[in-house]
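Reading through the structure tokens given below for one structure.
Throughout, read-outs are computed from the coordinates displayed, never taken from laboratory work. Values in this document were obtained by computation on a predicted structure and should not be read as measured data. As a convention, Cβ positions derive from the backbone with ideal geometry for all residues, glycine included, and neighbour counts pool all protein chains shown.
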Amino acid sequence: MPTTKKICNPKDFAVFYETHAKGLKRFLYYKYGDMNTLEDVAQDAFVKLWNNCEKVEYNKAKSFLYTCANNLFLNIKKHEKVILKNRVHLVKHSTNEAPDFLMEEKEFQIKLEKVINSLTPKQKEVFLLSRIEKKKYREIAEMLGITIKAVEKRMHKALMVMRKNIGSV
């Protein structure tokens, strides 16, 4: 019986790393153009692969790695966008709004973040891509490698959770 490579085997993982690290970094650079973040994202993607090595077959490890890296990068960019949006919002409203309103707004923001974080990872991903990144369902489906119907279903479930916990979204 021939031996097959196992991604959990340290030697096979090292070979896999050497084979795919540069390509992954190029993929991230060409896709996002952010040299500052791509090293960390690439390393985090390899760590995630190692931590999930029991679940990932060797022949599917490259796909898993690139998907993880893409999702990690998107999450970082979403987070940066939210921070920037909040800073701009605070600057715009810092002198014009009553303290009561600012407090309620901050409480709402905290509640919103908690509800978003309570979504399943798939629902959260679709919700943020649609509502924060302003991607169309077709674009999201292509990015995630799923059907438009699957995107619609995830979004519907995410919105149901949002409406239940916050109200109209």
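Here are the numbers for the structure shown:
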item	result
Lys/Arg +1, Asp/Glu -1 at C-beta; the chain dipole; positive extreme among I148, Y30, P121	I148
Net charge of Cβ neighbours under 9 Å - reference K77; Lys, Arg +1; Asp, Glu -1	-1
For region 1-133, size of Cβ-based charge dipole, Lys and Arg +1, Asp and Glu -1, in debye	540 debye
Cβ-Cβ FRET estimate between K11 and N117, R0 fixed at 35 Å, reported to 0.05	0.35
Quotient of C-alpha Rg and 2.2 N^0.38 Å, computed over region 97-169	1.26
Across the chain: Cys residues that no other cysteine approaches within a C-beta distance under 4.7 Å	C68
Estimated 222 nm signal from helices in the chain, with DSSP H stretches of n ≥ 4 weighted -39500 (n - 2.57), rounded to 500	-26000 deg cm²/dmol
Region 1-47 versus region 140-159: alpha-carbon centroid distance in Å	27 Å
Around Y137: net Lys/Arg minus Asp/Glu count, Cβ-Cβ under 11 Å	+3
Three-way shape label, the chain, alpha-carbon gyration tensor, a/c 1.5	prolate
Counted charge near D12, where neighbours are those whose Cβ lies closer than 10 Å (Asp, Glu -1; Lys, Arg +1)	+3
Note, ³J(HN,Hα) from phi for region 120-125, Karplus 6.51, -1.76, 1.60, rounded to Hz, x at Gly and Pro	5, x, 5, 5, 4, 4
Relative contact order, percent, the chain [alpha-carbon distance under 8 Å, six or more residues apart]	16 percent
Residues E142 and E39, FRET efficiency given R0 of 25 Å [Cβ-Cβ distance, rounded to 0.05]	0.40
